[in-house]
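J.: Next up is a structure, given as structure tokens.
Please treat every number below as a calculation from the coordinates, not as lab data. Predicted model only: the values in this text are computed from it and were never measured. Cβ sites come from the backbone with ideal geometry, for glycine too, and all protein chains shown count toward neighbours.
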Amino acid sequence: MPKQDFGPFSFECPTAWSQRTILVFVGAASDGGAPPNLVVTHEARNADEELTTHAWRRVFELAKTRPDFELIGSRDSKIDGQPAFRAFIRWQSDRGRVTEALAWIDSRDGNALAFTCSAIEQPAVFDELERILASVRLGARDSMVAPSPTARASSPPSPPPEPEEPPTYAAIPMPGTRGTRR
């Protein structure tokens, strides 16, 4: 069994198992509500699948599983010079109306780096997501494994570039619906 290094620890996994690292960051909850979160994953794309096709496939998968799903908007984009696709969705959870901003970035290896930011009635968190996405740099590391908390940087990090204006999205009803549901 090959050894898997993950930050400050390692372990052995069966050879037939594949690594699917998920990074999760959680913000502070406001007014005792659910805290916003950011989930970053490395998603496998189907053979010869364009990034936009992959992203739409994922959006349609979400539409099938999220109660009262609503697509707010979508657009092609660039993040760190790479093709990207952005979408905003809403859906109903038992804790309230969830808004999610999604971004898929071509990860240069035929797959997609996916960012999903979720919040309930905390729109300011999406400004933070815009700053996060503006700071994305691909190719700096070969994996998504976080460095050990005791690791020392060889040089101080450079400050992120100034964020662009947050995008605005038009309300687009899902096919087969009659207008936007609120």
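J.: Taking the condition of being crowded, with 16+ Cβ neighbours inside 10 Å and over 23 Å from D109 (Cα atoms), how many residues in the stretch 73-98 meet it?
T.: 6
J.: If E100 satisfies all but one of (1) within 13 Å of the chain's Cα centre (by Cα); (2) at positive phi, what's the number of the condition it fails?
T.: That leaves (2) as the condition not met.
J.: Which of the residues that make up the stretch 44-72 are under 18 Å from S118 (Cβ atoms) and surrounded by 15 or more Cβ atoms within 10 Å (Cβ to Cβ)?
T.: The initial filter retains those residues of the stretch 44-72 that are under 18 Å from S118 (Cβ atoms), namely 55, 58-59, 61-72.
Correct list: A55, R58, V59, L62, A63, R66, F69, E70, L71, I72.
J.: Shifting gears a bit: Considering each of A87, A114 in turn, give the residue that is in contact (Cβ under 8 Å) with a residue 12 or more places away in the chain, under 17 Å from I22 (Cα atoms) and either small (G, A, S) or in contact with a Pro (Cβ under 6 Å, 6 or more places away or on another chain) (or both). Write out each step before concluding.
T.: Numbers: A87 fails: under 17 Å from I22 (Cα atoms).
Only one candidate passes the filter, namely A114.
J.: Out of the residues in the stretch 90-111 that are touching a residue at least 60 places away in the same chain (Cβ under 8 Å) and polar (S, T, N, Q), which is nearest to L138 (Cα to Cα)?
T.: In the first step, residues of the stretch 90-111 are kept if they are touching a residue at least 60 places away in the same chain (Cβ under 8 Å); the result is 95-96, 104, 107, 110-111.
Retained after the next criterion (residues that are polar (S, T, N, Q)): 107, 111.
On the way: S107: 7, N111: 13 Å.
Across the stretch 90-111, the extreme among qualifying residues is S107.
J.: Need a quick list: strands (runs of 3 or more DSSP E) entirely within the stretch 1-42 having at least 3 residues that are on the phi < 0 side of the Ramachandran plot and either of a type in the set (K, R) or surrounded by 11 or more Cβ atoms within 10 Å (Cβ to Cβ) (or both).
T.: On the way: elements: 3-6, 9-12, 22-26.
In the stretch 1-42, 3-6, 22-26 are the strands (runs of 3 or more DSSP E) which contain 3 or more residues that are on the phi < 0 side of the Ramachandran plot and either of a type in the set (K, R) or surrounded by 11 or more Cβ atoms within 10 Å (Cβ to Cβ) (or both).
J.: Got at least one residue in the stretch 18-34 being over 25 Å from L102 (Cα atoms) and either in contact (Cβ under 8 Å) with a residue 40 or more places away in the chain or of a type outside the set (F, W, Y) (or both)?
T.: Here is the first cut: in the stretch 18-34, the residues over 25 Å from L102 (Cα atoms) are none.
Looking through the stretch 18-34, none of the residues is over 25 Å from L102 (Cα atoms) and either in contact (Cβ under 8 Å) with a residue 40 or more places away in the chain or of a type outside the set (F, W, Y) (or both).
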